[in-house]
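Engineer: Sharing a structure, written as structure tokens. Questions coming.
The values are calculated or read from the model by the stated rules, or taken from the named source; none is laboratory data. In this text the structure is predicted, and so the values were computed from the model without any measurement. Note that each Cβ is placed from the backbone with ideal geometry, even for glycine, and that neighbours are counted across all protein chains shown. Keep in mind that these areas ignore ligands, DNA and RNA; they rest on the heavy atoms of the full protein, side chains included. Shrake-Rupley method; radii C 1.70, N 1.55, O 1.52, S 1.80 Å.
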Amino acid sequence: IPRVRATRYRHWRYYCNDCKKVSEGVGKDEIPGSYIGPVAKGAANYLRYKSGLSYYKIKDIFGHLFNLQLVKGSLYGFDNQMRKNSGAFYEEIRNSLKETEFLHTDETGWPNDGKNHWLWCMTNAELVFYHIDKRRSSMVVKEIVGKDYEGIILSDFLSAYSSLAFRKQKCLVHLLRMLKRLEDRFPGSSRVRMFCSKMEKLTKAIIAVKKKQISRVRFLEISGDIKFQLKTLLSDPLPYPKADKFRKKLNKIQHELTTCLDVPSLPAHNNFVERQIRPNVITRKITFGTRSDSGMKNHQSIMSLIQTAGLNDRPVLPLLRSIHSGSKVSLDQLQKPPP
């Protein structure tokens, strides 16, 4: 069994003749007044938020594998300390969202003390921001990125995004699923089947042209043709009220289906944010969410730190240890190549 490593710190004490006080230094990686060091605290945070383990299992691992006896209350305290020490970094990520060219956005249910909340995720290739809120409305997005956000919101077809005044791109993979459900709902209608078939071809054409390595001139030609066909198809009414309601909805937002054709760097789907939400979904299934407002704040803050570090290829465990030791972390530091 691995043994607990205890580190002894010897301090020199100095007496100041001016202020009449005794002062002493702090050792490297020392946490004053704590019997548990940054290595153990960082490992506990890692097991909780990176590995998705419950506090009970973390306590069991420390006791049986590391021979370090802890109570669950201590583990929760380590989370509080991590959130406090990295709070400025969490706010830095939030403020950086306003400067992004586009943001993948999605939300999933999150239980807190038996009541349902929503875990929102906003991300791009360099940063991840989580926020847990009681609301599942457009106001959450506006409060996070600001009402004057100049970037593009890439999302699914949730109505909460409809009232946003920002430029938007709808996830075309979600659209393909919706078309399949519509076709299954009206199996006896040739008009509906034909509509779904044509919409599916145009949707897949948008996705395909984004992947092709073709000249800019050729790209513009194909994009113009797709937009023309899309406008023509969506202007033709369907025979059934519910099917036609779906067509009208797409017709109203057809420009949100093709924004990616106007912005070369913008993806046509929202799979990226779903991959960033997945670790939270796994944790939710294991731990059944959080039990307090403090627990929610811990989760959204520490997960934002861990996932952002991962996107920038920075080792998570050494980062957690250094934060517990008192080191300050910033977004610029994470985005630089590791030393």
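Engineer: Using only the Cα atoms of the range 1-124, what semi-axes does the equivalent ellipsoid have when each is the square root of 5 times a gyration tensor eigenvalue? Give whole Å, largest first.
Structural biologist: Values for the range 1-124, descending: 35, 25, 13 Å.
Engineer: Please sort 308-316, 38-46 by packing, taking for each peptide the average over its residues of neighbouring beta carbons within 10 angstrom, highest first.
Structural biologist: Values: 308-316: 17.2, 38-46: 22.2.
Packing order, densest peptide first, comes out as 38-46, 308-316.
Engineer: While we're here: Hey, what's the per residue convex hull volume over the C-alpha atoms of the range 111-153, in cubic angstrom?
Structural biologist: On the way: hull volume 3.2 nm³, N = 43.
Cα convex hull per residue, to the nearest whole number: 74 Å³.
Engineer: What residue among I222, L127, L202 has its Cα farthest toward the positive end of the dipole of the chain, where the charges are +1 on Lys, Arg and -1 on Asp, Glu, each on the Cβ?
Structural biologist: It is L202.
Engineer: For the range 155-255, what does the convex hull of the Cα positions come to per residue, in cubic angstrom? Kindly include the intermediate steps, with their values, before the conclusion.
Structural biologist: Values: hull volume 10.8 nm³, N = 101.
Normalising the Cα hull of the range 155-255 by residue number yields 107 Å³.
Engineer: Considering the options I323, A160, F186, tell which one lies farthest towards the positive end of the dipole of the chain, charges being +1 on Lys and Arg and -1 on Asp and Glu at the Cβ, about the Cα centre.
Structural biologist: It is F186, whose Cα lies furthest towards the positive end.
Engineer: For the chain, with all protein chains present and a 1.4 Å probe, just round the carbon and sulfur fraction of the accessible area to a whole percent.
Structural biologist: 53 percent
Engineer: While we're here: Can you compute the charge dipole magnitude of the range 53-182 about its Cα centre, using +1 on each Lys and Arg Cβ and -1 on each Asp and Glu Cβ, nothing else charged? Give it in debye, rounded to the nearest 20.
Structural biologist: Its charge dipole is roughly 560 debye.
Engineer: Principal axis lengths of the range 245-335 from Cα atoms, whole Å, largest first?
Structural biologist: Principal-axis extents of the range 245-335 (Cα, largest first): 56, 34, 19 Å.
Engineer: If amide H atoms are built 1.01 Å from N in the plane of the peptide, which residues on other chains or at least 5 residues away come under 5 Å of the amide H of I152?
Structural biologist: Distant-sequence amide H within range of I152: F102, L103.
Engineer: Multiply the residue gap between V26 and S292 by 0.36 nm, knock off their C-alpha separation, and tell me the result in nm, one decimal place.
Structural biologist: So the extension gain works out to 92.4 nm.
Engineer: Divide by every residue of the chain the summed helix terms, -39500 (n - 2.57) for each DSSP H run of at least 4, and state the resulting mean residue ellipticity at 222 nm, rounded to the nearest 500 deg cm²/dmol. Provide the component values of the computation, followed by the final result.
Structural biologist: Values: 14 runs with 171 residues, N = 339.
After summing the helix terms and dividing by residue count, I get -15500 deg cm²/dmol.
Engineer: Also, I was wondering about something else. Can you give me the C-alpha center-to-center distance between the range 156-205 and the range 1-74, rounded to a whole angstrom?
Structural biologist: Centre-to-centre distance over Cα atoms comes out at 54 Å.
Engineer: Using amide H atoms built 1.01 Å from N in the peptide plane, name the residues 5+ places from W110, or on other chains, whose amide H lies under 5 Å from its own.
Structural biologist: Answer set, sorted by chain and number: H117, W118, L119.
Engineer: What's the ranking of 264-274, 103-113, 12-22 by average number of surrounding C-beta atoms within 10 Å, highest first?
Structural biologist: 103-113, 264-274, 12-22
Engineer: In nm, what is the difference between 0.36 nm times the number of residues separating K285 and D184 and their Cα-Cα distance?
Structural biologist: Here the segment from K285 to D184 would lengthen by 33.2 nm.
Engineer: Give the total of Lys-Lys pairs in the range 1-134 with Cα-Cα distances below 17 Å; include a pair only if its members are 8 or more places apart or on different chains.
Structural biologist: Close lysine pairs under the 17 Å cut-off: 10.
Engineer: Now a separate question. Would you grab the residues whose amide H sits under 5 Å from the one on I132? Only those 5+ places off in sequence or on another chain, please, with H modelled 1.01 Å from N.
Structural biologist: The list, which skips near neighbours in sequence, is W120.
Engineer: Roughly how many debye, to the nearest 20, is the charge dipole of the range 170-279 about its Cα centre, given +1 on each Lys and Arg Cβ, -1 on each Asp and Glu Cβ, and no other charges?
Structural biologist: My answer is approximately 220 debye.
Engineer: Which of the lysines could be linked to K336 by a straight reach, that is with a Cα gap under 20 Å, when you skip same-chain ones fewer than 8 residues away?
Structural biologist: The reachable lysines, counting only those whose Cα sits under 20 Å from K336, are K328.
Engineer: Would you list D244, D148, D236 from the most to the least accessible area, probe 1.4 Å?
Structural biologist: Largest to smallest exposure gives the sequence D148, D236, D244.
Engineer: If you average the sequence gap of Cα pairs under 8 Å that are 6 or more apart and divide by the length of the chain, what percent do you get for the contact order?
Structural biologist: Reported relative contact order: 26 percent.
Engineer: So which lysines pass the test for K242, namely a Cα distance under 16 Å, with those fewer than 8 places away in the same chain ruled out?
Structural biologist: Once the sequence-local lysines are set aside, what remains near K242 is K180, K252.
Engineer: Any idea of the accessible area per residue across the chain, 1.4 Å probe, to the nearest Å²?
Structural biologist: Details: 18900 Å² over 339 residues.
Here the residues of the chain average 56 Å² of exposed surface.
Engineer: Kindly list the residues of the range 251-273 that lie in the label zone of R191, defined by a backbone N under 20 Å from the point 7 Å along the Cα-to-C-beta vector.
Structural biologist: From the range 251-273, the list is 251-252.
Engineer: Provide Rg over Rh for the range 39-111; use the alpha carbon set for both Rg and the Kirkwood Rh (inverse mean inverse pair distance).
Structural biologist: Radius of gyration relative to Kirkwood radius: 1.11.
Engineer: Quick one: 3J(HN,Hα) in Hz for the range 7-23, Karplus 6.51/-1.76/1.60 with θ = phi - 60°, rounded, Gly and Pro as x.
Structural biologist: Running phi through 6.51 cos²θ - 1.76 cosθ + 1.60 with θ = phi - 60° gives 10, 9, 10, 9, 10, 7, 10, 10, 9, 9, 5, 7, 8, 6, 10, 9, 10 Hz.
Engineer: While we're looking at this one, here's another question. Where in the chain are the DSSP H helices whose alpha-carbon span along the long axis reaches 18 Å or more and whose Kyte-Doolittle mean is at least -1.0?
Structural biologist: Helices meeting the criterion: 172-185, 190-211, 216-234, 271-287, 293-311.
Engineer: I would also like to ask the following. Given Cβ point charges of +1 (Lys, Arg) and -1 (Asp, Glu) and nothing else, what value in debye, to the nearest 20, does the dipole of the chain about its Cα centre take?
Structural biologist: Approximately 800 debye in magnitude.
Engineer: In addition: Hey, what does the equivalent ellipsoid look like for the chain, semi-axes from the Cα gyration tensor as sqrt of 5 times each eigenvalue, largest first, whole Å? Please list the in-between numbers first.
Structural biologist: Working: eigenvalues 498, 97, 59 Å².
Gyration-tensor ellipsoid for the chain: 50, 22, 17 Å.
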